[in-house]
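Structure record follows, encoded as structure tokens.
The values are calculated or read from the model by the stated rules, or taken from the named source; none is laboratory data. Since the model is a prediction, treat every value here as computed from it, not as a measurement. In this analysis, Cβ positions are derived from the backbone assuming ideal geometry, glycine residues included, and neighbour counts consider all displayed protein chains. For accessibility, only protein heavy atoms count, side chains too; no ligands or nucleic acids. Shrake-Rupley method; radii C 1.70, N 1.55, O 1.52, S 1.80 Å.
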Amino acid sequence: MRTYLPAPDLIRFISELAYERDIDTDWRIPAGGDHERVADELKQHLQVVVGG
């Protein structure tokens, strides 16, 4: 497992659509893992915001 961020709280994000829909979940890029783990977090965000 690779670590590519020094702290789990370093990068937080929100999408424009989530902002427009008043979804204020604290989305964070995971501190360890690989590109698949980051992609999974982004997919989870889309599922909550867009549905599916």
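Just a few scattered comments:
- Residue list for the stretch 11-51, restricted to those being among the β-branched types (Val, Ile, Thr), part of a helix (DSSP H, G or I) and open to solvent by 40 Å² or more (accessible area, probe 1.4 Å): Val48, Val50
- The residue pairs whose first member lies in the stretch 20-35 and is within 12 Å of Val48 (Cβ to Cβ) and free of Cβ contacts under 8 Å to residues at least 60 places away in the same chain, whose second member is assigned to a helix (DSSP H, G or I) and open to solvent by less than 80 Å² (accessible area, probe 1.4 Å), and whose beta carbons are closer than 6 Å, counting only pairs six or more residues apart or on different chains, are Ile23/Val49; Trp27/His45.
This table checks each residue for (1) in contact with a Phe, Trp or Tyr (Cβ under 8 Å, 6 or more places away or on another chain); (2) modelled with pLDDT of 90 or more; (3) of a type outside the set (Phe, Trp, Tyr).
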| residue | (1), (2), (3) |
| --- | --- |
| Leu5 | no, no, yes |
| Ile14 | yes, no, yes |
| Asp26 | no, no, yes |
| Pro30 | no, no, yes |
| Gln47 | no, yes, yes |
| Gly52 | no, no, yes |
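- Filtered residues of the stretch 17-36 (kept if under 12 Å from the mean Cα position of the chain (by Cα) and among the hydroxyl-bearing types (Ser, Thr, Tyr)): Thr25
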